Structure formats: C-alpha cells, structure tokens
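Worksheet: the structure to be examined is printed underneath.
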Amino acid sequence: MTPQEKLDWLVSPEKFYPKDLCFENLRGNRGFIDAFITHVELLREFQFWEKEKIEEVQLLKLRKMVNWLFAHSKFWSDYFKKNNFTGESLDSIKQLPIITRTDLISFGDDIYVTGENENISSLHKKYTSGTSGTILKTIRDERDWVIASFPCLFRNEIFSADTLKDLFSRRSAVYLGMSGSRTTSRAFIRRLFSISDVDLDDKKTREEMYHEIQAASPAFLVGFASHISRFARYVFEGEAKLSLTAIFITGEAIALDERIFIEKTFGVPVINILSTSETEHIGFECDKNKENFHVFSDRIILETEKLSASEEGEIAITVLDFKNTPIIRYFIQDSGSILSGSCSCKSNLPLFQFKGRRDEEVVLPSGKKIRSINLNQRLFSAGFNLATEQIQIRQESLNHLKILIASKDPVAEKKETRLLLSLSELFKDEKIKVEIERVDSIPLIKERKYRVFVPLRNSEHYSDKALNS
Ligand SMILES: [Zn+2]
C-alpha cells in the first residue's frame, strides 16, 4: 500500500468493507474478516506515525464529517454557522461550546441525521445506561458501528491474523454481565450470563460458566472488572482450568493489582478499553504504562477541560465516525488529564490518565465493596424506571444507605419493598441500614451532575437546603 492509499483507508475505512454488513452477518464473513484484518494492521502501524500525520488523518475525518453534516442537517449547519465553525483546522473545534448530555437532549430530535438512502426507523437505536440519571437516545447505522467499534477491540498485537480468523468464524465470546459491546458482537456470543457479583458466589452458576467457556475455547471473555476479578478468585483456588484468548474488561476502572491477579490466574492479557455509550471506544490501557490510556485517535479527539485550577480536567470527546448522532465536544462526565512527553511503548497516540468512576462503590461494614452498577441493576429489576423517575442512593456512613426517591408514581410502595428486599439480598449478612426518603427533587453535585449513586466520600457535597428545595 502506498502512503496515499493508507491515508485513504484510515480516513474512509467504510469504502473497503462489504456494503451489506450488519451485526448478524459478521460470523464467518470472509469479506468482513479480510477488510477487518487489513484495517487492524493499518491501525497498529498508525499509532507509530508522526504526530503531524496522525493529526492529518483526524483533520481529514473531521472535515469529512462536517461537510456531510452541512449537506444533510439544518440543525448542525445552523449550529456550526452560529459558532463560526467550518472545520478548517483541528484547533477550530474550540470555537464550538462543550456540551453535556442534558444539552444534547434539550436540542431535541433535530440532532439526529440521516443520509439520502437511510431511513431513521431502520437505524439502530441505543439508550445510554442511566448511571448519570438522564437518558440519551443515540441512533446509528449498524455498518458504521461495526467499522468504528471492532478495530478498537482487537487492535492489540496479541491477535494475529490467524487468531482473528478463528475467533470470527465461530461463537467464541462469553459475556459475564451486560457489557455495552454485546450489541455489536452478538454474532460471536456463545453465552451471556446476566449476573451480579453475588451470583458469582453460587457454585452452580460458576460451573455453568466453566462449561460454556470450555465449549467456546479458546474463548474471549468479556465483563466488568469487578465480575471478572471475583470470578478469577474461584479459578485461582483451582476450581477450573480454562482456555482463553484474551479477557476484555469494560465499563469501570480496575486497580493495577486486581488486573495483574486476573492476568496471572488466566495466563492471558487483560484488554482494558475505556468506552461510553454515546462515543463507543475512546482509548485503551497501555501495556507499558499501566493505568494510563492511549486515545483511539483515528476516531476520537480527546480534550481535557479544566473547570477550575484545583480540579482535574473534565474529558470532552469528539467522535469522528458517527454521523447519525454527532458527538462533538461532549462532556463524558469523567475527569482525567493528558500526559505530556512520549510513552515508553513508542506509540504517538496521546496518553491520558483517567480518574473515572473509581469511587463508585458501596463500602460494606466488613470492608467488602460492591460496584454501584449492581445497584442500578437492582433498581431496574425492582421496577424503577430511571428515564422517568429520579432516584439517588447515598452512602451516608459505613452502615447507613439513604435512598432518595422523587417519583409521582402512586404505586411506588410495592417497588420500594421489592428494592429493599433485593438490597438486603445483595448485602447478605452485613449490618447496613437502608432508609427510603421521598423528596420533591434530587439535588445536583456541584450544580452539574445528577448521579444515581453517591459514594461515601462525596456525600458531603450535598446540602440539606438543596434537598428541601
Ligand atoms: Zn504507551
């Protein structure tokens, strides 16, 4: 491939994949697998390109997206014009405001854009998980989504062309819990265990997992870090010997020692990718510089905006390859900072430290921790709808949880009882008091964020005045 051909490939990969790609026809699809392997090999090379060449790809993709939006969307054309933005340079995106999820929702349905031959009803709709309380609908073309998402997951050098051909020709994935990537990967899922941390302590459930992983072997295992690490403890104790290709952890930050323990137990690398529902994959944890992430610069522009001198910068993301729901300078409600200097792995992709949602866990009196994602699952199964009802679980002290509910629902009492029962199951024998309080509205953290779970350390951010207002 000539340098120009490589550039074309990276700016417009969609030109090189089969026309009829969708989630269902990926398994064993030679056209897809061949294009995919070329794409991944190019991306492995791309990360070592000079910074200027990397930015050239970004700028070409930005212009392509902006031109497309000028041609297809009155809303985005007006938005760009109002802010004097034409996409002439990467720096020029700073002329656009940074927007939050609430801003995007307030713009209404005009944010969604379709092309000439697209029909909005045939496009894939996805809803953000609701951990931050407000729910955003994103609309995507399945083919765009596959091309944006898969190369990020398999960019690591451990996947040779032969390994990829093998993994993509059969149902090779086992999911522990509901990872976001299950939608795109469903042609490869052998089994999805919809579980919470507590289910992992059940021997029968684990035996079923061992069985499915063996049947898919060498399998790739996908799950939340907390689930995988709990699962690893049993495997470490000698319950099973499993044959894996790699482990993907998603959705939450993981401590370094936890990760090393998982790698040692299973004898395969842990691939740690930072993603959000709105943006898909943002970056991957560096092998040489653990706990820091490289940006997937071929599809993402990452900025960190400091709100005040004392704070970490909040991460704003521009996605270069989603045209149906444009994500441009979007706050992902997480903080971090871009590290200067070059990384020891020699990659020229920007390296950033991600503070993330590390604090989002309930700490029990025994010291055991439960990730807040489990609370969301239980709210959902008790019948609460986070799209229409505001709920907040605050850890007041080691043995006291307070649940604030702002709901107009007259039959809410049944749901409350179900929730209390479900939580006492989750906390088992721990002595922790759970109290429900009805409120008119849920207060925001620092006037910006509404969160379903407020961990112990942050509880002081809330004033009683805000509660009664
Ligand atoms: Zn690195």
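Do the conditions hold for L302, that is, is it within 14 Å of the ligand (Cβ to nearest atom) and touching a residue at least 24 places away in the same chain (Cβ under 8 Å)? Here the answer is no, as L302 does not meet what is asked. Scanning region 133-167 for residues that are in contact with a Pro (Cβ under 8 Å, 6 or more places away or on another chain) and not in a helix (DSSP H, G or I) gives N156, I158. Kindly indicate whether F266 is farther than 25 Å from V146 by Cβ, touching a residue at least 12 places away in the same chain (Cβ under 8 Å) and not β-branched (V, I, T). Yes; evaluated as a whole, the condition is true for this residue.
For every residue, the table says whether it meets (1) under 26 Å from I105 (Cα atoms); (2) aliphatic (A, V, I, L, M); (3) at pLDDT 90 or above.
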{"position": "I300", "(1), (2), (3)": "yes, yes, yes"}
{"position": "E303", "(1), (2), (3)": "yes, no, yes"}
{"position": "K306", "(1), (2), (3)": "yes, no, no"}
{"position": "E314", "(1), (2), (3)": "yes, no, no"}
{"position": "N324", "(1), (2), (3)": "yes, no, yes"}
{"position": "G336", "(1), (2), (3)": "yes, no, no"}
{"position": "R358", "(1), (2), (3)": "no, no, no"}
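Kindly indicate whether L90 is more than 13 Å from L7 (Cα to Cα), surrounded by 14 or more Cβ atoms within 10 Å (Cβ to Cβ) and within 27 Å of the chain's Cα centre (by Cα). Yes.
Summed over region 168-189, residues that are under 24 Å from N374 (Cβ atoms) and outside any loop (DSSP other than H, G, I, E, B) total 9. Out of the residues in region 343-367 that are within 11 Å of the ligand (Cβ to nearest atom) and out of contact with any strand residue (DSSP E or B) (no Cβ under 6 Å at 6 or more places or on another chain), state the one that is nearest to T304 (Cα to Cα). Of everything passing the filter in region 343-367, N348 is nearest to T304 (Cα to Cα). Scanning region 394-420 for residues that are free of Cβ contacts under 8 Å to residues at least 40 places away in the same chain and of a type in the set (D, E) yields D409, E413, E416. When E447, E435 are checked against the criterion of being in a strand (DSSP E or B) and either surrounded by fewer than 13 Cβ atoms within 10 Å (Cβ to Cβ) or at pLDDT below 85 (or both), E435 stands alone in meeting it. Among the residues making up region 97-156, those that are without any contact (Cβ under 8 Å) to a residue 12 or more places away in the chain and of a type in the set (G, A, S) are S106, G108, S121, S122. Remark: pairs (first residue in region 336-350, under 16 Å from Q47 (Cβ atoms) and among the polar types (S, T, N, Q); second residue near the ligand (Cβ under 10 Å from one of its atoms) and in a strand (DSSP E or B); Cβ separation under 7 Å; 6+ apart in sequence or on different chains) = S347/H294. If you go through region 234-250 and keep only what is of a type outside the set (S, T, N, Q) and closer than 12 Å to S217 by Cβ, you end up with A240, K241, L242, L244. Counted as qualifying within region 13-132 are no helices (runs of 4 or more DSSP H), as none has 2 or more residues that are in contact with a Cys (Cβ under 9 Å, 6 or more places away or on another chain) and modelled with pLDDT under 95. For the criterion of being within 16 Å of the ligand (Cβ to nearest atom), at pLDDT below 95 and farther than 25 Å from V270 by Cα, S340 passes.
Remark: K61 falls outside the filter, which requires a residue to be farther than 27 Å from K6 by Cβ and under 26 Å from the mean Cα position of the chain (by Cα).
Conditions (1) more than 16 Å from the ligand (Cβ to nearest atom); (2) touching a residue at least 12 places away in the same chain (Cβ under 8 Å); (3) within 17 Å of S181 (Cα to Cα); (4) out of contact with any helix residue (DSSP H, G or I) (no Cβ under 7 Å at 6 or more places or on another chain), marked per residue:
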site	(1), (2), (3), (4)
A232	yes, yes, no, no
K241	yes, no, no, yes
A246	yes, yes, yes, yes
R259	no, yes, no, yes
G283	no, yes, yes, yes
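The values are calculated or read from the model by the stated rules, or taken from the named source; none is laboratory data. Being a predicted model, the structure only gives us computed values, none of them experimental. Please note: Cβ atoms are built from the backbone with ideal geometry, for glycine as well, and neighbour counts cover all protein chains shown.
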